[in-house]
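Let me begin by presenting the structure, written as structure tokens, before commenting on it.
Laboratory data are not the source of any read-out in this text; all were calculated from the coordinates shown. Because the structure is predicted, anything quoted here is derived from the model rather than measured. Cβ placement follows ideal geometry from the backbone for every residue including glycine, while neighbour counts extend to all protein chains displayed.
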Amino acid sequence: MMGWRAYAQEHRDRFLSDLVDFLRIPSVSALPEHACDVQRAARWIADRMTAAGIEGAKVMQTGGHPVVYGEWLHATGKPTVMLYGHFDTQPADPIELWTNPPFEPTIVGDRIYARGAVDPKGNMIIPILAVEAMLQGEGALPVNVKFFFEGQEEIGSPEIPEFVRQHKDLLACDFALSSDGGQYSETEGEILIARKGLCGVQIDVQGPKTDVHSGTSGGAVQNPIYALARVLSSMRSPNGKIAIEGFFDSVVPLTDDDRAAIAAVPFDDDEYKKQLGVDELFGEPGYTTLERAWARPTLDLNGVWGGFQGEGSKTVLPAKAGAKITCRLVPNQEPEEIMSLIEAHVAKFTPKGAKATVTRQPGTARPYSIPKNHPANRLAHAVLEEIYGKPPYYVRIGGTIAVTGILLDILGIYTVSFGFGLNDECFHAPDEFFRISSWDRGQLAYCRLFERLGERGLEG
């Protein structure tokens, strides 16, 4: 047979065409009008897996957005690895800031632009292509694989815990590889050892029962926008410290070793400011930028509304105002506890004349960490060192993937991040893109990892 390298090279144009087709599907999980598109993406993946030679590929319903499963389990006596990814995307708004329509993929040089290009579809399809190259180019895989792709990661995977509980035997494996991740740069790899958890709430403030004339009622009743502003400003001190009582009680302090490991990763504050287009960085005092981003909890406003939003003026005192908040959590912080603390804080600081309601948002996630020297991490380290020609960095990240904690809690397995996106590729933003060179590199890395795992096992 021709071997996996020759097969991947011979079929590269077809593989890239498949990625373009996949990116055309607007599988936005957060918007109800795209629910059918999420289902369509699931069907596309199942068909593509079958074409690759993966067995038992099927769409499985969850009560929400679906899961796609497939397997190849003929490597007797070899480890079994779960290949995880997600096929739902973020909304594309604001559309007007895209150079090209977000669901009309555009290739410019080494970049493919589209919503989902890097997060997640470009990364997610890589293990499918790697498995096809090995099955068709070698005739078999050196390890056993199970595929677990979900369509609800971008909304917090609300149905996934119950799905995993119901299918523990089907999903049983030695460890998972997540394609939802990245590398440190085009020339440097990374091993992710911690992700933050997540919880979110919506605050709705009610004033008068309807909008009222600001001339006749202004100064006589509480303005819900002012009330909301009072509540929100009370949540953080002017220097950036979260001021909710009890918020830090369970936070595990960074050790000297933790801080030294973070400091060992090259990072330039000035370059970061330039990349973001800001004059100053801001956050909890006493910590470096990376420490705050990677290892300290956050509370952020994601949206605020109330009153008249159109051009010109409308002299009303609005009846309602609201805000959405998310918190990124670190080890020992529990989402339910943090949301309870926020509820108590809002009740305490809501001024007289207004009523505030806190609604907990679905899709919480506990913080996740994996031991640095876990056998699967050592395996990924060896492969990345071979591919990049230098050892990868050990990093943390402020982002959340709920399934990592779910798989650990329910199946008892760790998840190794093994994606190939880069930080400048506009995740969740207009003009999202993925480097085609990284897409090529990812296929090489997955095939080399399968080979190494088959040759030496997890301890090799």
Kyte-Doolittle mean at least 0.5 and Cα extent at least 15 Å along the axis: which DSSP H helices of the chain qualify? 122-138
Under a point-charge model restricted to the Cβ atoms of Lys and Arg (+1) and Asp and Glu (-1), what is the dipole moment magnitude of region 78-233 relative to its Cα centre, in debye to the nearest 20? 480
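Do any GluC sites (Glu not before Pro) in region 311-416 lie in a DSSP loop with no more than 15 other beta carbon atoms within 10 Å, and if so, which?
E311
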Virtual paramagnetic centre 7 Å along Cα→Cβ of R5, amide N under 15 Å, in region 128-153: 134, 137-138
Can you give the helix-only mean residue ellipticity at 222 nm for the chain, where every DSSP H stretch with n ≥ 4 adds -39500 (n - 2.57) and the sum goes over all residues, rounded to the nearest 500 deg cm²/dmol? -10500 deg cm²/dmol
How many percent of Cα pairs in region 1-125 exceed 24 Å? 35
Can you match Cα extents along the principal axes in Å to one of these, (1) 82, 50, 49; (2) 84, 48, 45; (3) 114, 49, 39, based on a calculation from the structure here? (2)
Placing unit charges on C-beta atoms (Lys and Arg positive, Asp and Glu negative, everything else neutral), compute the dipole magnitude of region 1-54 about its Cα centre in debye, rounded to 20. 140
Please arrange E334, E271 by counting, for each residue, the other beta carbons lying within 10 Å of its beta carbon, fewest first. E271, E334
So D256 and S17, fully extended at 0.36 nm per residue minus their Cα-Cα distance, gain in nm 81.2 nm
Name the trypsin sites (Lys or Arg not before Pro) in region 361-414 that are in a loop by DSSP and that have at most 13 other C-beta atoms within 10 Å, would you? K372
Lys/Arg +1, Asp/Glu -1 at C-beta; the chain dipole; positive extreme among A75, V383, T326: T326
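Which peptide among 73-79, 431-437 comes first, and what is the full order, when sorted by highest mean count of other Cβ atoms within 10 Å?
For the peptides 73-79, 431-437, the packing ranking is 431-437, 73-79.
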Give me the number: length gained by fully extending D300 to S340, i.e. 0.36 nm times residue separation minus the C-alpha to C-alpha distance, one decimal in nm. 12.8 nm
Amide H of A57: which non-local residues (sequence gap of 5 or more, or other chain) have their own amide H closer than 5 Å, using H built in the peptide plane? E71
Compute the label zone of H374 within region 391-409: residues whose backbone N is under 11 Å from the point 7 Å along Cα-to-Cβ. 404-409
Placing +1 on each Lys and Arg Cβ and -1 on each Asp and Glu Cβ in the chain, then taking the dipole about the Cα centre, the residue among L276, T89, P367 whose Cα reaches farthest towards the positive end is P367
Quick check for you: which residues of region 425-443 have the amide N under 20 Å from the point 7 Å beyond the Cα of L281 toward its beta carbon? 425-427
